[in-house]
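One structure below.
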Amino acid sequence: MTQTRLRTQFLSIAVSVALWGGLAWLDLSTGTRIRLGPVYALPVMLTSWNLGRTWGIAAALFSALLWHGIQVFVLHESGIPFYRHWDMANGLLSFLAISYAVIWAKQILLRVEEANVHLQEALEQVRTLEGMLPICAWCHKVRDDQGLWEQVESYVSKHSKAQWTHGICPSCAEKIKQEGPT
């Protein structure tokens, strides 16, 4: 792994831990007046984007456990045990869905960037002639923008990356044989 990649991973983990700590403190400070559950998705998104699926799943699990743990064990939110577990499962599934959505979006973005690179390379290789091309019907010379006439091979070579080679087609070769040397 490159040093930049390691630095990004370390920074992602550090920021996620700081976010979890800040959210836990804020959750404890505000009590049940403000529900911060959805905000616990921020470290999940950050971790999923920078560290991938495994770390994203771990972050989703940790966010769900931290959020649920604070609500139940510290703030003593009571209720029917089924609903507490239902809330925990919903939180976990939501964070997992967010993690997978972020990973999916990053994969699409990487594919688009790769396609753009290939497209840019292809565009750099293409030079096209556009518009009307005035050509002499008799000698096949081409008139350029300054009104000068030049060989079609020369004109096309100047305005594209095409290379020329000459040969004789079968019908012309037959005509030359029939006419004999001139």
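The values are calculated or read from the model by the stated rules, or taken from the named source; none is laboratory data. All values reported here derive from a predicted model rather than from experimental measurement. Please note: Cβ atoms are built from the backbone with ideal geometry, for glycine as well, and neighbour counts cover all protein chains shown.
Based on this model, can you work out whether V152 counts as surrounded by 11 or more Cβ atoms within 10 Å (Cβ to Cβ) and within 30 Å of V44 (Cα to Cα)?
no
Limited to segment 26-54, what total is found for residues that are in a helix (DSSP H, G or I) and among the charged types (D, E, K, R)?
Going through segment 26-54 one residue at a time, the tally reaches 2.
Assuming F73 fulfils every condition listed in (1) among the hydrophobic types (A, V, I, L, M, F, W, C); (2) under 30 Å from L11 (Cβ atoms); (3) exposed (fewer than 15 other Cβ atoms within 10 Å of the Cβ) apart from one, which condition is it?
For F73, the failing item is (2).
Could we say that L6 is assigned to a helix (DSSP H, G or I), aliphatic (A, V, I, L, M) and surrounded by 12 or more Cβ atoms within 10 Å (Cβ to Cβ) here?
no
Quickly run through segment 140-149 and pick out the residues that are surrounded by 10 or more Cβ atoms within 10 Å (Cβ to Cβ) and either assigned to a strand (DSSP E or B) or modelled with pLDDT under 85 (or both).
H140, K141, V142, R143, D144, W149
Taking segment 114-138 as the search range and keeping residues that are surrounded by 10 or more Cβ atoms within 10 Å (Cβ to Cβ) and closer than 20 Å to E153 by Cβ, which one is modelled with the lowest pLDDT?
Ranking the qualifying residues of segment 114-138, first place goes to R127.
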